[in-house]
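One structure below.
The values are calculated or read from the model by the stated rules, or taken from the named source; none is laboratory data. Because the structure is predicted, anything quoted here is derived from the model rather than measured. Here the Cβ is made from the backbone with ideal geometry for all residues, glycine too, and neighbour counts use every protein chain on show. To get the accessible areas, we keep the full protein, side chains included, count just its heavy atoms, and leave off ligands, DNA and RNA. Shrake-Rupley method; radii C 1.70, N 1.55, O 1.52, S 1.80 Å.
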Amino acid sequence: MEEIRVEQSQSLKPKPQGDQLEFGRVFTDHMFIMDYTMGKGWHDPRIVPYQPLVLDPAAIVFHYGQTVFEGLKAYETPDGKVRMFRPEKNMQRLNRSNDRLCIPAIDEELALTAVKKLISIDKEWVPNAEGTSLYIRPFVISIEPYLGVAPSKRYQFIVILSPVGAYYKEGINPVKIAVENEYVRAVAGGTGEAKTAGNYASSLKAQELVSGQGYAQVLWLDGVKKKYIEEVGSMNVFFKINGEIVTPELNGSILEGVTRNSVIHLLKYWDYPVTERRISMEEIFQAYKDGQLEEAFGSGTAAVISPIGELSWGEAKLVINNGETGQISKKLYDTLTNIQTGKTDDPFNWTVEVE
Ligand code: COI
């Protein structure tokens, strides 16, 4: 493995107060960069002071969006150490996204080593106030200056770090979500499964239309029939119907969330009935009318577990669990965050120490 060289920053920035942290607004003192050139492969892994990038205006990323990203978190544990949550899963997904976008694969072990090294250099930035963490954003950009539509011959893999608070202003309190009936996010065969910028760019319009009405995000329906539930803007989604917990199956257009996977794992471990299957919005509405829609929540790295207190679908407003946090949402949130922050045992060996 190529050695990661380090250039220390000469002017360290002031660190924000833990209780004032928002999501993704401040960044640490250093960043990781590695270059790719066709014929030479990935090379020159380095940690340098956090700084702007200088790119050619014709760089492919600006025009055709050949780019992927990841999101994962590190936490300070009671023994003063720093641990990441299931980072290998993010690196695997990064390479699945890379493959979909014709970006050359990255050595996952090197990427993990780089993230660990970067965090240990910026360790002082890991916040420890309740509900805070260090968000890790690895991403790849295509930097070849070329206006033809073709895979780039040059890339940069970059990792930046951001101490964060809750993703939603509601925190762990229930959010309101609007079911989107007009716009769609992805279709099977498209890029919905990949973590790529275009999926998020195309979500903005729908999000903007509902945010003025008090909705935190939209719930996407399938791109063909606009009938089956897919996911929320930055989360996978779960419903509890008459005792059974259901979540949309991975169908090629849904993001395979690491938190989604962890939630399913925990629910099975607790012997709750949990099923991955196709779920129509009709079915959710019928369950609601029958008094059987007991809970709804989203799962994601940024959002952790976010209870859904209200779902609007056209004229209908479904108030779920009286707009309050449900029992399972709370249990999942507490268990996940306790494992992540090292406050309880980690029975599945999900956390990885940053040495
Ligand atoms: C995450 O949960 O880490 C995500 O990537 C969602 C994001 C777009 C904020």
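Can you find a residue in region 80-101 that is in contact with a Pro (Cβ under 8 Å, 6 or more places away or on another chain), outside any helix (DSSP H, G or I) and either charged (D, E, K, R) or on the phi > 0 side of the Ramachandran plot (or both)? So far as region 80-101 goes, no, none of its residues is in contact with a Pro (Cβ under 8 Å, 6 or more places away or on another chain), outside any helix (DSSP H, G or I) and either charged (D, E, K, R) or on the phi > 0 side of the Ramachandran plot (or both). Restricting attention to region 302-335, which residues are within 16 Å of the ligand (Cβ to nearest atom), open to solvent by less than 40 Å² (accessible area, probe 1.4 Å) and among the hydroxyl-bearing types (Ser, Thr, Tyr)? Of everything in region 302-335, just one residue is within 16 Å of the ligand (Cβ to nearest atom), open to solvent by less than 40 Å² (accessible area, probe 1.4 Å) and among the hydroxyl-bearing types (Ser, Thr, Tyr), namely Ser306. Mind checking whether some residue in region 34-48 is open to solvent by less than 50 Å² (accessible area, probe 1.4 Å), within 16 Å of the ligand (Cβ to nearest atom) and in contact with a Pro (Cβ under 9 Å, 6 or more places away or on another chain)? Scanning region 34-48, I find no residue that is open to solvent by less than 50 Å² (accessible area, probe 1.4 Å), within 16 Å of the ligand (Cβ to nearest atom) and in contact with a Pro (Cβ under 9 Å, 6 or more places away or on another chain), so the answer is no.
Selection of strands (runs of 3 or more DSSP E) fully inside region 225-265 by the criterion of at least 1 residues being surrounded by fewer than 23 Cβ atoms within 10 Å (Cβ to Cβ) and out of contact with any Leu (no Cβ under 8 Å at 6 or more places or on another chain) returns 244-248. Here Pro52 does not fit the description of being open to solvent by 20 Å² or more (accessible area, probe 1.4 Å), out of contact with any helix residue (DSSP H, G or I) (no Cβ under 8 Å at 6 or more places or on another chain), at pLDDT below 95 and not assigned by TED's automatic domain parsing to the domain that holds Gly257.
Checked against the criterion of being more than 16 Å from Ser142 (Cβ to Cβ), under 18 Å from the mean Cα position of the chain (by Cα) and not aromatic (Phe, Trp, Tyr), region 31-43 has no qualifying residue. Against the test of being free of Cβ contacts under 8 Å to residues at least 24 places away in the same chain and closer than 21 Å to Val175 by Cβ, the options Lys317, Lys268 yield a single qualifying residue, Lys317. Scanning region 2-36 for residues that are charged (D, E, K, R) and closer than 27 Å to Glu144 by Cβ yields Glu2, Glu3, Arg5, Glu7, Asp35. As a summary of the residue check, Gly148 satisfies the conditions (1) within 21 Å of Arg260 (Cα to Cα); (2) open to solvent by 10 Å² or more (accessible area, probe 1.4 Å); (3) of a type in the set (Gly, Ala, Ser) except for the one numbered (1).
Between Ser234, Ser211, the distinction of being farther than 27 Å from Val354 by Cβ, at pLDDT below 95 and polar (S, T, N, Q) belongs to Ser211 only. Out of curiosity, is Ser133 open to solvent by less than 20 Å² (accessible area, probe 1.4 Å) and out of contact with any helix residue (DSSP H, G or I) (no Cβ under 7 Å at 6 or more places or on another chain)? Criteria met by Ser133. Are any residues in region 119-139 aliphatic (A, V, I, L, M), at pLDDT 95 or above and assigned to a loop (DSSP other than H, G, I, E, B), and if so, which ones? Val126 - this is the single residue of region 119-139 that is aliphatic (A, V, I, L, M), at pLDDT 95 or above and assigned to a loop (DSSP other than H, G, I, E, B).
When Arg83 is tested against (1) closer than 25 Å to Gly165 by Cα; (2) more than 16 Å from the ligand (Cβ to nearest atom); (3) exposed (fewer than 15 other Cβ atoms within 10 Å of the Cβ), exactly one condition is not met: (3). Of all residues in region 194-207, those that are loosely packed, with under 15 Cβ neighbours inside 10 Å have Cβ atoms under 7 Å from Cβ atoms of residues that are modelled with pLDDT of 95 or more and part of a loop (DSSP other than H, G, I, E, B), 6 or more apart or on another chain, in Lys205/Tyr183. Restricting region 158-172 to residues that are under 16 Å from Pro127 (Cβ atoms) and open to solvent by 40 Å² or more (accessible area, probe 1.4 Å), the residue that is nearest to the ligand (Cβ to nearest atom) is Tyr167. At least 3 residues being closer than 24 Å to Leu255 by Cα is the threshold, and among the strands (runs of 3 or more DSSP E) wholly inside region 270-355 those reaching it are 274-277, 293-300, 304-313.
Set side by side, the residues Pro16, Pro52, Pro45 differ, and just one is in a strand (DSSP E or B) and not basic (Lys, Arg), which is Pro45. Screening Tyr155 with (1) under 18 Å from the mean Cα position of the chain (by Cα); (2) surrounded by 23 or more Cβ atoms within 10 Å (Cβ to Cβ); (3) in a strand (DSSP E or B) gives one miss only, at (1).
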